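Shown next, in C-alpha cells, is the structure this report addresses.
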Amino acid sequence: MTLAVMSASPALDGARSPPMSPTDGPRRPSVVHSPVGSGVRSPVGGAVRSSTGGERRPSNPFGPRRSLALPRTSLAAPAREPGAINPYAPPSLEYDLRQRKRSIFIFWFLILFDSIVMPLALYFGLWYGTNLSPNTVFSIVTAALGGISIFEYVLRFWHLWKKGSTCRVIGGRRSYLDWFHWNFSFAWIIIIVELIVGTIPENPPIRLLAMPCASLMFAFGSELIIQDGMRLLGIPSPFRISSMPAGSQLRPGIYWIIEDIVAVDGGGNIEFRERLNTRYEASHYFRQMLHRLTLFWGIGGELAAAVVTALIFTLQKDAAYVVGWTVPFIWAGIWTLCTFWYVKRSLRFEEENWAETHGKPVV
C-alpha cells in the first residue's frame, strides 16, 4: 500500500465554497428552523431573520448539510465564517500539497533508499564481496530492510491511538485506527512471511525473496477492484472503513487512501476527513474522478504485478532480484505522474462546470 500513498493527494485544492450540492442534499422544506438562536430561514431569498433583531445574513443556497452516518465529535471543525464561502466553486478541501513539498521529498527519499538501495547494495555487496553463506547474506538483508517503514508504522499508530487524537476517524473509537493502518499491517504480514520463509533454507530461493513488492501490488489492486465492484453493485460495507461505519454505502478505494494519509500523515486531522466527505457528497465530478482513479490504480497494479512476477521467474536470478525491488517503484512513479496530470485536469473541469451549473453571474 505504501507504493500509492501520495498518488491521490493531488486531488486537494484551495477554493472555498458551500458544503452541499443541490443534487446530493435532501429536499429542502419550505421553512427550516435555523440552528443559530431562534431565527427562521425564509424559503424566499435565502436569508435568515434573527429573532434578536440582528442583521440578515445569507443562508446556504444549497440546503442544509447532510451528515449521512458521520456523527459529529468534539474534534469537529469549527464553523467557517460566512464571508469565506464561495457559492460558485465546489466545497474546499483546504489542503495544499505545495506547502509540503520538502517533507514529501524527504519522506519518499528515505522510503526509496530503505526499499531499493539498501536491499540491493547489501545483496550484491555481501554476495560477491564476502565469503558468507547464502543463508547468512539474506538473513542480514532481511534484518536491515524496512527500518523507515517500521518507524512510520509506529508513529501512525501513536497518532491514532493516543488520548485526544486530532486525526482519528469520524465517530470512531481508538481501537478502530483507520483503514490504511489495517492495510499497512496486512502489508507487513505479507512481507515478513515471504522473507522469513525465503531465508529459512540453507540456499534461499532468490526469486521468492524478490516477490514482496509484487505481492503487495496484487493485494492492493485486488482490494481496489473488489471495493469498487461492490460499490457499483450497491453492496453495503460489511464493516467500518475509516470514517464510514458498517452498513453504509461503499466509496471508491482511492477515497480511503486520500482520507487516511492526508488526515494522519499529512497533518490534515479530522477536519480534513469532514471536508473530504462534504466534497464527495456535493460533487458528481469529484466522485467520478475518484472512481476512475480507483480503476486506474487497481487494474494497473494487477497488470504490473503480473508482469513483475513473470520477469522474476524467467530472468537470471540476479536480474530477477533487481527487477523485484525496483520495477514496482518505477511503475508507481509513472502512475503517480499520470495521476497528477489527470487530477489537475479533472479539478479544472469540475470548477468550470460547477460555476456554470450553479449560475455564476457574468461580470
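Values in this text are rule-based calculations from the coordinates and carry no lab data. If you're wondering where the values come from, they're calculated on a predicted model, not measured in any experiment. Here the Cβ is made from the backbone with ideal geometry for all residues, glycine too, and neighbour counts use every protein chain on show.
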Practice item. With θ set to phi - 60°, apply the Karplus curve 6.51 cos²θ - 1.76 cosθ + 1.60 along region 188-201 and write out the HN-Hα couplings as whole Hz, x wherever there is a Gly or Pro. Key: 5, 4, 4, 5, 5, 4, 5, 6, 5, 4, x, 9, 5, x
Practice item. Please work out whether region 130-254 counts as rounded, prolate or oblate from its C-alpha gyration tensor, where a ≥ b ≥ c are the square roots of the eigenvalues and a/c under 1.5 means rounded, while otherwise a/b larger than b/c means prolate and anything else oblate? Key: oblate
**Study point:** Ranked by how many other beta carbons lie within 10 Å on average, peptides 102-113, 345-356, 287-298 from highest
**Key:** 287-298, 345-356, 102-113
